[in-house]
Amino acid sequence: MLGYVKIDKGELKVREYEVYTGYYCGICKSIGKRYGQLPRMALSYDAAFLAVLLASLDGGSDTPCQEHCIAHPFMQKKTIIRNRAIDYAADVMLILAWYKLADDARDEGKAYARATMILLRRVFRKLRRKYPALCDGMESRLAELSELEDEKCASIDMAAEAFSKIMELIFTEGFDTVYPEGLPPAGKDSGDAVCSSESDSSESDSAEPDSAEPGNAGPAHLDFFTIPDDPRQLLSRIGYHMGKWIYLIDAADDIEENILSGAYNPLLFRFSYDKDAETTEEFRRRIEPNLRFNLYHYLAELSNYTDSLDIKKNKGIIDNVIYLGLNRKTEEIISRVDKDKQI
């Protein structure tokens, strides 16, 4: 999810921060124990938010364990040991990383992308067998996005739609994978693991919860004028609007880089950027009101649907990301003037 979905650390309670980083470390452990060390490069805090959000819908307690860290081998860190939400978030990050590498290799000819894809091919094949509907849906939407980029589409909404549908699919597939039989009764969790490094190390994918054929794959059919009660539909809408926000904030973040590389950026076409008529600083200032309106509209929709979820744990972390972390990132990027990158 490109690294934009993060907490506002200064506003998070110490205990909540430990839980949040515990999920992050748990995802790292999940990747390492199931796929090896190299795929850990794909890890990002976006995955931690996805895992926290999916796991928040049941009342089971998080189980922090003291685990050694590959990045800090001489210390132990509190880690939330593998559960379905953590494993799913780990898998999604690897799938997204694969498609990002494929895009880099195709559009920009980056040698590192092609080399890394060779190293990760077996991992991706395993993931594709496990999540066929998810991968098919992502590939279809990415093909649509690629066509729009080739056409130099000037509609921000059209360009963002394909990515928002990918995020919608990720969140609904997440619900189906983490809760294949629906939400558990109050007081019962969705299958958290106990602290046992030895048992975790010996587990294979055959011992994981079966998510290859979720019962209701694909995004829910939605009426966008009402707020549903169904958690799967709510997650679908959360994913959709988060996808809109991520796509637009990424476009705003990459303006200077895309101008230099010649890569597609919908903002440059929508607002008719002319390098001979204005600097990038002037361009940013010109489009800021429109950017601000759209980005905060997406965040308002995102918060409406998140508030409607029956969150049973870690609400402080989720609220911190939705109300503080994303707002802070929005202001940081749309108000930024990087003197070193002016063109």
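The values are calculated or read from the model by the stated rules, or taken from the named source; none is laboratory data. If you're wondering where the values come from, they're calculated on a predicted model, not measured in any experiment. Note: ideal-geometry Cβ built from the backbone for every residue, glycine included; neighbour counts use all protein chains shown.
Within segment 141-161, the set of residues being within 19 Å of Met242 (Cα to Cα) and of a type outside the set (D, E, K, R) comprises Leu142, Leu145, Ser155, Ile156, Met158, Ala159, Ala160.
Table: residues versus (1) out of contact with any Pro (no Cβ under 7 Å at 6 or more places or on another chain); (2) within 18 Å of Gly243 (Cα to Cα); (3) in a helix (DSSP H, G or I); (4) at pLDDT 95 or above.
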site: Tyr99; (1), (2), (3), (4): yes, yes, yes, no
site: Ile118; (1), (2), (3), (4): yes, no, yes, no
site: Arg121; (1), (2), (3), (4): yes, no, yes, no
site: Ile170; (1), (2), (3), (4): yes, yes, yes, yes
site: Thr177; (1), (2), (3), (4): no, no, yes, yes
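When the helices (runs of 4 or more DSSP H) confined to segment 242-343 are screened for residues that are under 22 Å from Ile156 (Cα atoms), those reaching at least 3 such residues are found at 255-261, 266-270, 280-308, 326-334. Lys152 meets each of the listed conditions (1) among the basic types (Lys, Arg); (2) surrounded by fewer than 17 Cβ atoms within 10 Å (Cβ to Cβ); (3) closer than 21 Å to Ser30 by Cβ apart from (3). Does Val5 qualify as being touching a residue at least 24 places away in the same chain (Cβ under 8 Å), of a type in the set (A, V, I, L, M) and either closer than 18 Å to Ile246 by Cβ or assigned to a strand (DSSP E or B) (or both)? Judged against the criteria, Val5 is a match.
Is at least one residue of segment 63-83 at pLDDT 90 or above and not in a strand (DSSP E or B)? Checking segment 63-83: not a single residue is at pLDDT 90 or above and not in a strand (DSSP E or B). A single entry from Ser272, Ser261 fulfils the requirement of being at pLDDT 95 or above, over 19 Å from Gly243 (Cα atoms) and small (Gly, Ala, Ser): Ser272.
Every condition in (1) assigned to a helix (DSSP H, G or I); (2) surrounded by 14 or more Cβ atoms within 10 Å (Cβ to Cβ) is met by Tyr112 except one, and the failing one is (2). So which residues in segment 1-18 are surrounded by 13 or more Cβ atoms within 10 Å (Cβ to Cβ) and either among the hydrophobic types (A, V, I, L, M, F, W, C) or under 17 Å from Thr79 (Cα atoms) (or both)? Across segment 1-18, the qualifying residues are Met1, Leu2, Val5, Ile7, Leu12, Glu16, Tyr17, Glu18.
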